[in-house]
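Report on the structure given below.
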Amino acid sequence: MTRRQILLALLPPVFFGTGFTIAKPAVEHFTPLFMMLMVYGGIAIVLALTRRAPLKTPLSAIILISSCAVTIQGALLFWGLRSPDMSAIAANLILQIQIPFCVLLDWLIMREKLDLRKAAGTAIAIAGVAIVIGLPEQAPGVLPTLMIIAAALIWAFGQVLARKLSRDDGIGILKANAFGSLPQLALATLLFESGQWQSLVTATWLEWSMLAFVGVVGFYLAYMCWFSLLRQCRMDEAAPFMLLMPVVGIITAALVLGERVSLAQLAGGLVILAGLAIVSGIGLPRRVAAG
């Protein structure tokens, strides 16, 4: 990876990590599918006004990618996160299973060659995640845990499909996901959720601020950078950087929600950085790093 690609790869976990942490209180007020409908509705409006070039990806591919990358995984993820038996910290840890899912599915579908150095770096970074999160005081519920694991698998499948089937650049993929997911999310929230209007009329400036932050930072900026990265790099290069997400999430929780950060979590963050350095080839000769 080039230095520019490494810098780009650092942005999605920062945006996802902060957005995911703020999504915990946000999704406790707005129902998950309805929240995503508002978020992607806003993204669709912005991109319709600023990105008027027609999409190149076939409609069938757009529907398939958006159903996996947005609707299904989003419903499972935020329903699991909304559960009182699931803390934001535990959810961050469980969600990191998306990284090996991404690498494995990319190997199966894209037929990418597995790189031992990158696999070793990923394993080290995953070990760092375990140190960062630590053992929760209360074990998360079985059902929300299974929902988040399923969401991670479906999200990973959607990202590999985006690499394989999309004909657009990073912003184009985000636009396709926004337009493709809107009718799915609208139908799903009508069928499976209730209280949408009540959540709107009772929302205070705090709930609206959290929703805006989740939409702009956790979705728009995060996916714009992430999809741009996927158009430039292999999955086993890009995906391990997402392991920075729980580090960012914990820092955000400490600063915004007042949660305490332990020394073990700080040490784990250093281990994650070491693993990512191995994955990206930082400090290695250019020829070796490219291999």
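The values are calculated or read from the model by the stated rules, or taken from the named source; none is laboratory data. As the structure is a computational prediction, the values presented were derived from the model and not from experiment. Every residue, glycine as well, gets a Cβ built from its backbone with ideal geometry; the counts of neighbours run over all protein chains shown. Keep in mind that these areas ignore ligands, DNA and RNA; they rest on the heavy atoms of the full protein, side chains included. Shrake-Rupley method; radii C 1.70, N 1.55, O 1.52, S 1.80 Å.
Can Ile63 be described as under 14 Å from the mean Cα position of the chain (by Cα) and at pLDDT 90 or above?
Values: under 14 Å from the mean Cα position of the chain (by Cα): no; at pLDDT 90 or above: yes.
Taking the combined requirement at face value, the residue does not satisfy it.
For segment 169-193, which residues satisfy the criterion of being more than 20 Å from Pro25 (Cβ to Cβ) and either part of a loop (DSSP other than H, G, I, E, B) or open to solvent by 50 Å² or more (accessible area, probe 1.4 Å) (or both)?
First, the residues of segment 169-193 that are more than 20 Å from Pro25 (Cβ to Cβ): 169-188, 190-192.
Selection gives Asp169, Ile171, Phe179, Pro183, Leu187, Leu190, Leu191, Phe192.
Among what's in segment 233-255 and is surrounded by fewer than 24 Cβ atoms within 10 Å (Cβ to Cβ) and in contact with a Pro (Cβ under 7 Å, 6 or more places away or on another chain), pick the residue that is modelled with the lowest pLDDT.
Looking at residues that are surrounded by fewer than 24 Cβ atoms within 10 Å (Cβ to Cβ) and in contact with a Pro (Cβ under 7 Å, 6 or more places away or on another chain), I get Met242.
Out of curiosity, is Ala212 within 30 Å of Arg111 (Cβ to Cβ) and either buried (at least 16 other Cβ atoms within 10 Å of the Cβ) or without any contact (Cβ under 8 Å) to a residue 40 or more places away in the chain (or both)? Outline the logic, then answer.
On the way: within 30 Å of Arg111 (Cβ to Cβ): no; either buried (at least 16 other Cβ atoms within 10 Å of the Cβ) or without any contact (Cβ under 8 Å) to a residue 40 or more places away in the chain (or both): yes.
Taking the combined requirement at face value, the residue does not satisfy it.
Within segment 36-53, is even one residue closer than 23 Å to Gly141 by Cβ and surrounded by 16 or more Cβ atoms within 10 Å (Cβ to Cβ)? Before the answer, list the steps.
Just the residues of segment 36-53 that are closer than 23 Å to Gly141 by Cβ, to begin with: 36.
Keeping just the survivors that are surrounded by 16 or more Cβ atoms within 10 Å (Cβ to Cβ) gives 36.
The answer is yes, given that some residue of segment 36-53 is closer than 23 Å to Gly141 by Cβ and surrounded by 16 or more Cβ atoms within 10 Å (Cβ to Cβ).
Yes or no: Ile109 modelled with pLDDT of 75 or more, touching a Lys or Arg at 6+ places or on another chain (Cβ under 9 Å) and either over 16 Å from Phe241 (Cα atoms) or open to solvent by less than 30 Å² (accessible area, probe 1.4 Å) (or both)? Please lay out each step first, then the result.
Working: modelled with pLDDT of 75 or more: yes; touching a Lys or Arg at 6+ places or on another chain (Cβ under 9 Å): yes; either over 16 Å from Phe241 (Cα atoms) or open to solvent by less than 30 Å² (accessible area, probe 1.4 Å) (or both): yes.
The answer is yes for Ile109.
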